[in-house]
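Only one structure is covered here, and it is reproduced in the block below.
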Amino acid sequence: MSHIIDAPQNASGRKLGQEEEDRALAGRGRLFGKTVLVTGAGRGIGEAIARKCAFEGAQVALCDLDRHAVQQAAEALREQGKLAAAFTVNVADGESVAALIHSVKSYFGPIDALVNNAGIVQDAQLKNMSDDQWDKVIAVNLTGVYRCTRAVVDTMLEQGSGSIITMSSVVGLYGNFGQTNYAATKAGVIGMTKTWAKELGRKGIRANAVCPGFIATPILNSMPQKVLDAITKEVPMGRLGRPEEIANVVAFLASDEASYVNGAVIEVSGGVTL
Ligand SMILES: NC(=O)c1ccc[n+]([C@@H]2O[C@H](COP(=O)([O-])OP(=O)(O)OC[C@H]3O[C@@H](n4cnc5c(N)ncnc54)[C@H](O)[C@@H]3O)[C@@H](O)[C@H]2O)c1
């Protein structure tokens, strides 16, 4: 089951208190008044996306399997005067996702942007990959994206607006050693994104995918250091990316500045694929 775990009374509903409204208007960000739901927001890229969107004036629903992490991330934002609430969810579980969307809508109202960010790796070369490794990665990275988007599409259709942003990867474009399962999911979400761009574009809903290169987050912990060093050497910018560098692009896609960006697959990789 998914449920809200951290919801201060003064942030409920879309209507801001006078003090919060004054503060938001003073530094009115480009996501002012919008509600952004971010999955996998407990750490890494998702946490950076939630922070960036909150600092751009959005009300942010931080959602994660890791209850403690997401609670801390939301609390840190609220301490800085931002509108944020934490929710637990397992994106691979349909009931959990349905309960999440219900909770977020009850708390914040309509959802303006969905950021499908939660993702996992279970690496092995094809000859060693188990069905369990395959199934787990498909369940979170592919089915999870489908479930979350399916669960918000009705509300976005009712609103006649919305932005769906899905975290793919350069691995979804070019493959990667030891990542049959992960590459399949990251290529798969690009196919879904382009389909949604075609199905929903006329209804005012945009769907786009972001393909990060190699970004310094805990997800890379499973990679041997010598592999990471070799990858870093291949990046024309000579370094790994920072989560904030992905968050900046996601915030743009969530905003009205991206009003004609639909079906795009945006690589943010320091040029690693050149
Ligand atoms: N870091 C990179 O180099 C990189 C590169 C390309 C793409 N990506 C993608 O970006 C996204 C974020 O990656 P990251 O590096 O921040 O990863 P991370 O492992 O640091 O964080 C992932 C978050 O997702 C949460 N999560 C995992 N399974 C979940 C589930 N079933 N339901 C809800 N939440 C769940 C985790 O608890 C964690 O907080 C992923 O989709 C990843 O595939 C990352």
Residue order, fewest to most beta carbons within 10 Å, for 63, 211: 211, 63
P(r), alpha carbons of the chain - 10 Å bins starting at zero, rounded %: 7, 31, 37, 19, 5, 0, 0
Neighbour cut-off at most 11 other Cβ (10 Å), DSSP loop, GluC sites (Glu not before Pro), region 60-122: none
Under 5 Å, built H, 5+ apart or other chain: amide partners of residue 84: 60
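Can you bin region 113-269 into rounded, prolate or oblate? Criterion: square roots of the alpha carbon gyration tensor eigenvalues sorted a ≥ b ≥ c, rounded for a/c under 1.5, prolate for a/b above b/c, oblate for the rest. List each step's numbers first, then the result.
Numbers: a/c = 2.50, a/b = 1.49, b/c = 1.68.
Oblate, since a/c reaches 1.5 and b/c is not below a/b.
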Top positive-direction residue, dipole computed over region 85-170 with Cβ charges, set 152, 115, 92: 115
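Can you pick out the pairs among 136/186; 136/198; 52/186; 52/82; 34/82 whose Cα atoms lie more than 20 Å from each other? Show your work: numbers first, answer last.
Details: 136/186 14 Å; 136/198 29 Å; 52/186 23 Å; 52/82 11 Å; 34/82 13 Å.
Going by Cα-Cα distance, 136/198; 52/186 fall outside the 20 Å limit.
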Estimated distance in nm for a label pair at residue 105 and residue 146, the labels positioned 7 Å out from Cα along Cα-to-Cβ: 2.1 nm
Percent of beta bridges antiparallel (DSSP, region 4-268, rounded to nearest 5): 5 percent
Cβ-Cβ FRET estimate between residue 216 and residue 158, R0 fixed at 45 Å, reported to 0.05: 0.70
Degrees between helix 180-200 axis and first principal axis of the chain (Cα, 0 to 90, nearest 10): 40 degrees
Extension gain from residue 242 to residue 228, taking 0.36 nm per residue of separation minus the Cα-Cα distance: 3.6 nm
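Can you give the FRET efficiency for residue 136 and residue 177, using 1/(1 + (r/R0)^6), R0 = 22 Å, r = Cβ-Cβ distance, to the nearest 0.05? If you can, show how the numbers build up before the last one.
Values: r = 19 Å, r/R0 = 0.88.
That pair, residue 136 with residue 177, gives E of 0.70.
Every number in this text was worked out from the coordinates using simple rules, so none of it is lab data. No experiment lies behind these values; they were computed from the predicted model shown. All Cβ positions, even for glycine, are placed from backbone atoms using ideal geometry, and neighbour counts span all protein chains on display.
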